[in-house]
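Inspection log for the structure reproduced underneath, given as structure tokens.
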Amino acid sequence: MYKGFLAAAAAGGIGGGVSTRSVQPPGYSMDCEFAQLSDVGRVRQGNEDYLGHYAPGTPEEARSRGYLFAVADGVGGQDLGEVASRTAIEALLAGFRGAPANEPHGALLTRLVRAANTSVIDAGHAARPSGAKMATTIVASALRYDRVTVAHVGDSRCYLVRRGQANLLTRDHTVANEHVRLKILSKEEASSAETRHMLSRSLGNELMVNVEVNEHQVFAEDVLLLCSDGLHGSVQASEMAAVTSHGGDLASAAKKLVDLANQRDGGDNISLQLIRVRSVERVGMYRGRPYRLP
């Protein structure tokens, strides 16, 4: 059973608000529930964030393709950030729908995010003869069996909330973070550096993009939280865990987190997706093929 606040029956995206409820029939290899919310914030006039998801239509498709959730944050200060984020999500969803069955999610998401980068560049050239300068971050999570694969470019994040603790599964692609990696700055210095919001990677700026991908096992009652920096810039990971733990209503949790971000700042668009895993199908892999574990 797949319970979700969805923008369409099987796949879609939103630039704001919470979408409608949909329920999948039983028999799926993974049972999860889902909510998403996007808010313009207290200062911006428009919303440059965009959210998207894909839910399989049959139990067989859940095993061969799985689920996809994604958040994109159009880069402010450039042209058409809202076009960049929407273009990236729509390209990602279209590629996921049309992907070969049983393609490994790590290779698939790498390929699709790179294709989304090309789509954003093409959209910039289509918008203006000389090319509009537009870019976006992206974070995507694909789920199947008992695994989640996370791919990202930029500073949109994915957290895994388990037993009341939120663990960050992504690494911000910012200049300050690169300076920490190179030991030019300490983590404390980077937290207040002017370059902490300056992206070192994004979609739409270069023809080739380095996509960071990792895979994790998930268990029943785990919660995945995908968000733009409008949320994680003002709400601590411990607060995210406290709000999303204990099996509460996900739509209410999403609204509470957005309200908290607006109370503390609200200077940016605020977007998040919450996915609670209700049950999983434990599998092993042999020569790239899954087999059920006892």
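Surrounded by 14 or more Cβ atoms within 10 Å (Cβ to Cβ) and modelled with pLDDT under 95, is that true of ALA193?
Criteria met by ALA193.
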Only one of GLU188, GLU212, GLU194, GLU206 that is among the acidic types (Asp, Glu) and touching a strand residue (DSSP E or B) at 6+ places or on another chain (Cβ under 7 Å): GLU212
Reported set for segment 144-158 where residues are within 21 Å of ARG278 (Cα to Cα) and open to solvent by 10 Å² or more (accessible area, probe 1.4 Å) is ARG144, TYR145, ARG147
Selection count where residues are surrounded by fewer than 24 Cβ atoms within 10 Å (Cβ to Cβ), in contact with a Gly (Cβ under 6 Å, 6 or more places away or on another chain) and of a type in the set (Ser, Thr, Tyr), scope segment 40-74: 0
Filter segment 159-191 down to residues that are of a type in the set (D, E, K, R) and under 19 Å from the mean Cα position of the chain (by Cα) and give me whichever is nearest to ILE275 (Cα to Cα). ARG162
Suppose the filter is out of contact with any Phe, Trp or Tyr (no Cβ under 8 Å at 6 or more places or on another chain) and modelled with pLDDT under 90; does GLY41 pass it? no
Residues satisfying the stated conditions in segment 64-95, i.e. hydrophobic (A, V, I, L, M, F, W, C), free of Cβ contacts under 8 Å to residues at least 60 places away in the same chain and in a helix (DSSP H, G or I): VAL83, ALA91, LEU92, ALA94
Looking at (1) within 21 Å of ALA72 (Cβ to Cβ); (2) in contact with a Ser or Thr (Cβ under 7 Å, 6 or more places away or on another chain); (3) crowded, with 20+ Cβ neighbours inside 10 Å; (4) at pLDDT 95 or above, find the lone condition where VAL161 falls short. (1)
What are the pairs, 6+ residues apart or on separate chains, where a residue within segment 171-194 that is touching a residue at least 12 places away in the same chain (Cβ under 8 Å) has its Cβ under 6 Å from a residue that is among the polar types (S, T, N, Q) and outside any loop (DSSP other than H, G, I, E, B)? VAL175/THR195; ALA176/THR195
Across segment 193-240, what is the number of residues that are over 14 Å from LEU168 (Cβ atoms) and not basic (Lys, Arg)? 28
Condition check: more than 17 Å from the chain's Cα centre (by Cα), at pLDDT 95 or above, surrounded by 15 or more Cβ atoms within 10 Å (Cβ to Cβ) and among the hydroxyl-bearing types (Ser, Thr, Tyr). Does THR118 satisfy that? yes
Output the residue which, of all residues in segment 170-190 that are closer than 24 Å to LEU160 by Cβ and at pLDDT 90 or above, is most open to solvent (accessible area, probe 1.4 Å). ARG171
GLU60 vs (1) assigned to a helix (DSSP H, G or I); (2) touching a Leu at 6+ places or on another chain (Cβ under 7 Å): all pass except (2)
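For (1) touching a Lys or Arg at 6+ places or on another chain (Cβ under 7 Å); (2) free of Cβ contacts under 8 Å to residues at least 60 places away in the same chain, each residue gets a yes or a no:
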site: VAL213; (1), (2): no, no
site: LEU225; (1), (2): no, no
site: SER238; (1), (2): no, no
site: SER245; (1), (2): no, no
site: GLY248; (1), (2): no, yes
site: ASN262; (1), (2): yes, no
site: ILE270; (1), (2): no, no
site: GLY284; (1), (2): no, yes
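The values are calculated or read from the model by the stated rules, or taken from the named source; none is laboratory data. Bear in mind the structure is a predicted one, so any value in this text is a computation, not a measurement. Don't worry about glycine lacking a Cβ; one is built from the backbone with ideal geometry, like all the others, and counts go over all protein chains shown. Note: areas computed on protein heavy atoms with side chains; ligands, DNA, RNA excluded. Shrake-Rupley method; radii C 1.70, N 1.55, O 1.52, S 1.80 Å.
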